[in-house]
Amino acid sequence: MIYREYGKTGKKVSILGFGGMRFGAVDDLDACVGMMVAAAESGVNYFDTAPAYFGVKSEIAFGHGFQELRRRNLPFYSSTKTFQSTEKGIRKEIEAQLKRLGLSSIDFYHVWCITSLEEWRTRRKEGVIQVFRKLKEEGLIRHICVSSHLIGDDIRELLMEGVFEGVLFGYSAYNFNVRAKAFEAITAHDLGCVVMNPLGGGIIPEHPGLFQFLKSRPEETVVQAALRFLFSHEKITCTLVGCSNVEQVREAAAAIDGFVPLSAAAIEKIKASLGPSFADLCTGCQYCDSCPEGIPIPKLMEAWNHGKLYGRSSAITDRLSWHWSVPPSEAARCTECGQCEKLCTQHLPIISRMAEIAALPAQKR
Ligand code: SF4
Ligand code: SF4
């Protein structure tokens, strides 16, 4: 295993982390614990969950897993999150989380899922920062972190607070363009930088044919190639993989074996390959992001990609609801002015995609 410094915390975490959002059978605690043990035995020491992965079942499974890791003297760091922002809400949540996880303190505690600056400003106003600071002083959490889906320069406002010690954000060989600016901002602050959705939420393993261009060695799988692409970014501290079974844990861990960082030229080659390979997909460049109606075009278009790759329109609404917190009705505000299509680097039919998305039913979160 390879370990990297998590920002300025003094902690060294494994470049491969265990994500608790994709257990294949979350009610089978032995299976969940077995996956965590397999990960820890391969050197993984960063374990990330959340209070709404399978309801609270992921945190419960983690509690059992941590107990077993302690019994086996396998070192680990715990990571979880909260949507709450008031003192009352956060204290109630963390009390339950510590109980479920069987811990007296959480190593990396995240302000969870910031999808817009408006949302961030609301939580900030409700006192989330002060409460997190208090929790740290009281020893209930060790490090204050944030999980963000902000794109472009928006994340800079979040980081200006100077309170966060690490950021969890989506970045992959599939969507790195959407995150490039955020990545630059995070790394400029010397923070822990943990990547979620490294496999595009399953898009890469489910469409291996589309991602052959990631491979630099014939014997590696596209999953391993996608992970090695991320490991090769020295400023990414840890890449979280959500596995469904022990075999997937082993496949991910095997990406470390014989890992040799890709050269800058090889990384550029992969980036360049994305254009032609995904000719019909939005590349997330954001050049269109100045809609006079305020429609978040890149987010809607990125969700449309999911529909195309998965071959079902519900993948669009899943993505909009669970990742972006944007209802499909946002697209209905399009006046067909055509400005975005003139700006689109990929010459995509944005107006017709807006109409397609607008016709989809909203999903409840
Ligand atoms: S065509 Fe629609 S989505 Fe594009 S800029 Fe105009 S109003 Fe916005
Ligand atoms: S300009 Fe085109 S490719 Fe770029 S984000 Fe907008 S829709 Fe996507």
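The values are calculated or read from the model by the stated rules, or taken from the named source; none is laboratory data. Quick caveat: nothing in here was measured; it's all calculated off a predicted structure. With ideal geometry, Cβ positions are generated from the backbone for all residues, glycine too; neighbour counts draw on all protein chains shown. Just the protein is used for accessible areas: all its heavy atoms, side chains included, with ligands, DNA and RNA removed. Shrake-Rupley method; radii C 1.70, N 1.55, O 1.52, S 1.80 Å.
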ask   = For E330, all conditions in the list (1) open to solvent by less than 60 Å² (accessible area, probe 1.4 Å); (2) closer than 26 Å to P208 by Cβ hold save one; what is the number of the exception?
value = (2)
inquiry  = Can you tell me which of (1) part of a loop (DSSP other than H, G, I, E, B); (2) open to solvent by less than 50 Å² (accessible area, probe 1.4 Å); (3) away from ligand 2 (no atom under 15 Å from the Cβ) is the one T317 doesn't meet?
reply    = (1)
request  = Any chance you could count how many residues in region 18-43 are in contact (Cβ under 8 Å) with a residue 60 or more places away in the chain and under 16 Å from S244 (Cβ atoms)?
outcome  = 12
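Please determine, by comparing only the residues of region 227-244 that are touching a strand residue (DSSP E or B) at 6+ places or on another chain (Cβ under 9 Å) and part of a loop (DSSP other than H, G, I, E, B), which one is surrounded by the fewest Cβ atoms within 10 Å (Cβ to Cβ).
E234
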message = Take E247 and tell me if it is within 25 Å of G152 (Cβ to Cβ) and either open to solvent by 30 Å² or more (accessible area, probe 1.4 Å) or not in a helix (DSSP H, G or I) (or both).
response = no
Residue satisfying all of: in region 8-63; crowded, with 18+ Cβ neighbours inside 10 Å and acidic (D, E); farthest from I94 (Cα to Cα) among these = D48
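Against the condition surrounded by fewer than 22 Cβ atoms within 10 Å (Cβ to Cβ), over 25 Å from the mean Cα position of the chain (by Cα) and at pLDDT below 90, how does H323 come out, does it pass? Can you show your working first?
On the way: surrounded by fewer than 22 Cβ atoms within 10 Å (Cβ to Cβ): yes; over 25 Å from the mean Cα position of the chain (by Cα): no; at pLDDT below 90: yes.
Answer is no for this residue.
Residues checked against (1) of a type outside the set (G, A, S); (2) touching a residue at least 24 places away in the same chain (Cβ under 8 Å); (3) farther than 30 Å from L300 by Cβ:
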{"position": "D48", "(1), (2), (3)": "yes, yes, no"}
{"position": "S58", "(1), (2), (3)": "no, yes, no"}
{"position": "Q67", "(1), (2), (3)": "yes, yes, yes"}
{"position": "T86", "(1), (2), (3)": "yes, yes, yes"}
{"position": "K125", "(1), (2), (3)": "yes, no, no"}
{"position": "K136", "(1), (2), (3)": "yes, no, yes"}
ask   = Which members of region 266-276 meet the condition of being modelled with pLDDT under 75 and surrounded by fewer than 16 Cβ atoms within 10 Å (Cβ to Cβ)?
value = G275, P276
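Determine whether Q224 is open to solvent by 50 Å² or more (accessible area, probe 1.4 Å) and assigned by TED's automatic domain parsing to the domain that holds F47.
On the way: open to solvent by 50 Å² or more (accessible area, probe 1.4 Å): no; assigned by TED's automatic domain parsing to the domain that holds F47: yes.
When the stated conditions are applied, Q224 does not pass them.
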query = Going by the structure shown, is R124 under 30 Å from F213 (Cβ atoms) and of a type in the set (K, R)?
reply = no
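Can you name the residue in region 285-308 that is open to solvent by less than 20 Å² (accessible area, probe 1.4 Å) and more than 16 Å from ligand 1 (Cβ to nearest atom) and, of all such residues, is farthest from S116 (Cα to Cα)? Break it down stepwise before answering.
Quick first cut of region 285-308, residues open to solvent by less than 20 Å² (accessible area, probe 1.4 Å) only: 288, 295, 297-298, 300-303, 305-307.
Pick out the ones that are also more than 16 Å from ligand 1 (Cβ to nearest atom) and you get 305-307.
Details: N305: 21, H306: 21, G307: 23 Å.
Looking at the filtered set, the residue picked out is G307.
If I ask for residues that are among the hydrophobic types (A, V, I, L, M, F, W, C) and more than 10 Å from ligand 1 (Cβ to nearest atom), which ones from region 309-331 would you list? Full working, then the answer.
Initially, region 309-331 is screened for residues among the hydrophobic types (A, V, I, L, M, F, W, C), giving 309, 315-316, 320, 322, 324, 326, 331.
L309, A315, I316, L320, W322, W324, V326, listed by residue number.
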query = Of all residues in region 335-365 being among the acidic types (D, E) and within 9 Å of ligand 1 (Cβ to nearest atom), which is surrounded by the most Cβ atoms within 10 Å (Cβ to Cβ)?
reply = E341
